[in-house]
1. Quick check on my filter: what residues within segment A:181-203 are away from every other protein chain (no Cβ under 11 Å) and of a type in the set (Lys, Arg)?
2. Kindly evaluate A:LYS146 against the criterion of being within 14 Å of chain B (Cβ to nearest Cβ), in contact with a Gly (Cβ under 6 Å, 6 or more places away or on another chain) and closer than 27 Å to B:ALA252 by Cα.
3. Filter segment A:95-143 down to residues that are of a type in the set (Asp, Glu) and within 14 Å of another protein chain (Cβ to nearest Cβ), then give me how many there are.
4. Check whether at least one residue in segment B:232-245 is part of a helix (DSSP H, G or I), under 18 Å from A:SER142 (Cβ atoms), within 12 Å of chain A (Cβ to nearest Cβ) and within 18 Å of the chain's Cα centre (by Cα), and report yes or no.
5. Would you call A:ALA234 in a loop (DSSP other than H, G, I, E, B), more than 14 Å from chain B (Cβ to nearest Cβ), surrounded by 24 or more Cβ atoms within 10 Å (Cβ to Cβ) and of a type in the set (Gly, Ala, Ser)?
6. Need at least 2 residues that are under 25 Å from A:ALA347 (Cα atoms) per element, so show me which helices (runs of 4 or more DSSP H) inside segment A:132-231 make the cut, counting only ones lying wholly within it.
7. Answer yes or no as to whether B:LEU295 is modelled with pLDDT under 95 and more than 14 Å from chain A (Cβ to nearest Cβ).
8. Taking A:ARG226, is it among the basic types (Lys, Arg) and either within 10 Å of chain B (Cβ to nearest Cβ) or surrounded by fewer than 23 Cβ atoms within 10 Å (Cβ to Cβ) (or both)?
Amino acid sequence: MSQFNVIDNANLPSTTVPAAPRTVEVGEARNLITDRQWHVTGENHADAAALVTPTHSGLFLVGENSRRHAADLRTQYPNIPFITEPQALRGHWADEDAPFAVPDGHGGFDITMPLEAMLDRQRLGGNPLAMTPTGQIRVGDSEALKAVIEAANDLDRDDVLVAVPLAANWLSKQPLTDQVIKVLNRSRHPIALTFTDGKGPLESMVRTRAHRRLIASVTVGILAYRIDLNGFDAIAQGALASAIGAYPSKRRLEPVDAKSFGPKDREALSPQMLIPDMLRIVRSTEMRRKWFISAPPMDCFCMVCGGAPIDRLHESTPERAAGHRHNVLSIERLASTLLGTPQSQRAAVWAGLVNGALDTYPQLESHLGRPMRIPNDLGVWGEPTG
Amino acid sequence: MDLAPLAFRRKEHLPERNSVRNELGRGIFRAVCYSISMAEIEHPKSFLETLRISRGVTQVQLAAATGISQATLSKVESGTVDFDEDRWAIIAKELGVPVSAFAGANEPMDADLVFHRKRKSTPKTALNKIAADLALTRRRVESIVGAQMTSLKRHDLEDGYYTAGEIARKVRKELALGDGPVSDLVALLERAGVIVLRWPLESLQVDAIAAWPSKSGPVILVGEHVPAERQRFTMAHELGHAVLHDGEATDAQEREADDFAAEFLFPAKQVVKEWVTNPDLEDLYPIKRKWGISLAALIRRGYDCNLLDDREYRGWNVRLSSTGMHRREPAPLSPENPKALREAIARAEATGITIELLAERAHMHPTEFAATFMEETS
């Protein structure tokens, strides 16, 4: 049965593909990351843990109390890996002399602790791998980028995941993207690659294409981290896995000094809904106001929505949480399709999903009685690679 | 053919009938960035050929003016035949140099790496003249100050492992610039052993020319027409070419030279420190003056450093162009003038060496020597 009553992506199976049982590969970063669908969670960590498939999923926890939450969840779900995100990714600017940092307990960061000790502290806290506490790397700060990789390469251990949070403009100029490829390819460890931007790091077609090229060219093992649906494209391009957030702030990193302002329109807080058949995320407000004005709303038959209209959710906390649960399930559905396929066939499967998504537009247009604009990223994903 | 006596002021030394200025017309100059490489230029092989091309005279024209057959001229230029003294004297008169200039005329001229900013429409004859001008100038300057040794080093981008911006930071370190602005870029380059001259390049539709001869330091000729705002960026761009490139310059290499110049003049870390949130035009003036870059370049820095988003960057550019500020910028900068050569000449004069002797060493008549190397620039 299709998930929606109006559209159907013919290439997206309606049920998840069962995966073989799998233990948490503690201490083996590359094995642990590979072929799992990771979810970047904040306030929704408990909901997400309850919904994901233990055999091929994992959670990154973000926030002040993430260590405590992760410890609780490990007790509750021993077969799911839980990793806490280092605070430096959100609050420290990396430079050549201080690429890594850990909280100093007084609201600041300690940059003097040796990297090895920083990583040991994470493992002692229960993390199944050690994610480098890398600060954000400003656009063009090549020295900081190289310092991160060189310092990590000095570590003789298998539990290291090198976090590389780059300003999104690294993707805006070809020589900068080329340099990222060259530098990352010197890494001995797998890399959690993410981009910082106040809005969507991969919003422009230039950046989306550059990201594709980067993922396809880096051969040391990439986890596309804190990303949107481009994470699935990354898997198709050869990434080990992706870590996608159920809501916008977990699908990107805000620059360290970004000032955030609450929306003027409370309705803008209504949840963004992932529509897996369309490979698209749309805020429920937008669907209410622009899509289903004169046509009946589309119904969703996922476990969370249970046949209710996809555009029904507003800004209240319970409704937002319901939207995020819907998204976790939708991510799992897409992930199952890709990760349940041998690596060599993933690009073809993804191309099929993209074609199927493009086919949903005429279906929706017929229902709405007006033309729809195809998003830029879907267009780029449909482009041939290599 | 009657070639009028050559006037040796730099702006007038081309025979009017054959001038490149006439060939190209007086189109509106636009700053554009296309480099040529040695592959595009036919490098003159002898002093005679270099001088002739620099004067904008073809073999046919010179043959007609001197009564020497073109075939003979061609053989002399290629070094297979030599003239007698009388014929050298005729040639010297027509090309406006002392006959002593042709002593050793068959010595090959060094092939220099040449980089410059030109329009796509710049004809090949103009490109050849540029190369000839540069080769002659370098030889003449060396006759005054000796072979220049430079403290600059060449750098390799290692197939993308280094960026041009990163190399710019390395060069800043090599030149001990610290984190601050380059107060006088011309003086800095001259201290580093670079020969800098302001040169009449407008008619050739180029902003600047640079070369790094294999046996001495770089030479940069900066167009006299280039406004102060653009002059520093242009020189830094040429410096980028000189330290980064040694092959055919591509469009990508032009962008690399731009990236080099931007980072060299105003390093990204300093941009982030000095930037004012949501700046007004007046907020940018002090930054422009302090770092010596145009408003247009400053706004581009803000964009490249993630301090302006797409919409803001577009808005600034519309503002600059709609108000004419991109042509005539407010808070203008003072031009920087080369001094090293004039100072070297003054030192030589102080030791009793006459201008006539210096001119002879440079294979020039004294009038042309004075006009070329001793004129005050604005």
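The values are calculated or read from the model by the stated rules, or taken from the named source; none is laboratory data. Note that the structure is predicted; figures quoted are calculated from it, not measured. For neighbour counting, all protein chains shown are included, and Cβ atoms are generated from backbone atoms with ideal geometry for every residue, glycine included.
1. Residue satisfying the conditions is A:ARG188 alone.
2. Working: within 14 Å of chain B (Cβ to nearest Cβ): yes; in contact with a Gly (Cβ under 6 Å, 6 or more places away or on another chain): no; closer than 27 Å to B:ALA252 by Cα: yes.
Spelling it out, it is not the case that A:LYS146 is within 14 Å of chain B (Cβ to nearest Cβ), in contact with a Gly (Cβ under 6 Å, 6 or more places away or on another chain) and closer than 27 Å to B:ALA252 by Cα.
3. Keep residues of segment A:95-143 that are of a type in the set (Asp, Glu), which gives A:95-97, A:104, A:110, A:116, A:120, A:141, A:143.
Going one step further and asking which of them are within 14 Å of another protein chain (Cβ to nearest Cβ), we end up with A:95-97, A:141, A:143.
Total satisfying the criteria: 5.
4. Quick first cut of segment B:232-245, residues part of a helix (DSSP H, G or I) only: B:232-244.
So of that shortlist, the ones also under 18 Å from A:SER142 (Cβ atoms) come out as B:240, B:243-244.
Then drop every residue that is not within 12 Å of chain A (Cβ to nearest Cβ), which leaves B:244.
Subsequent filtering for residues that are within 18 Å of the chain's Cα centre (by Cα) retains B:244.
For segment B:232-245, residues part of a helix (DSSP H, G or I), under 18 Å from A:SER142 (Cβ atoms), within 12 Å of chain A (Cβ to nearest Cβ) and within 18 Å of the chain's Cα centre (by Cα): present.
5. Values: in a loop (DSSP other than H, G, I, E, B): no; more than 14 Å from chain B (Cβ to nearest Cβ): yes; surrounded by 24 or more Cβ atoms within 10 Å (Cβ to Cβ): yes; of a type in the set (Gly, Ala, Ser): yes.
Spelling it out, it is not the case that A:ALA234 is in a loop (DSSP other than H, G, I, E, B), more than 14 Å from chain B (Cβ to nearest Cβ), surrounded by 24 or more Cβ atoms within 10 Å (Cβ to Cβ) and of a type in the set (Gly, Ala, Ser).
6. Details: elements: A:142-153, A:174-184, A:205-217.
Once the helices (runs of 4 or more DSSP H) in segment A:132-231 are filtered for at least 2 residues that are under 25 Å from A:ALA347 (Cα atoms), what remains is A:174-184, A:205-217.
7. On the way: modelled with pLDDT under 95: yes; more than 14 Å from chain A (Cβ to nearest Cβ): yes.
Taking the combined requirement at face value, the residue satisfies it.
8. Working: among the basic types (Lys, Arg): yes; either within 10 Å of chain B (Cβ to nearest Cβ) or surrounded by fewer than 23 Cβ atoms within 10 Å (Cβ to Cβ) (or both): no.
Considered against the rule, which asks whether it is among the basic types (Lys, Arg) and either within 10 Å of chain B (Cβ to nearest Cβ) or surrounded by fewer than 23 Cβ atoms within 10 Å (Cβ to Cβ) (or both), A:ARG226 comes out as no.
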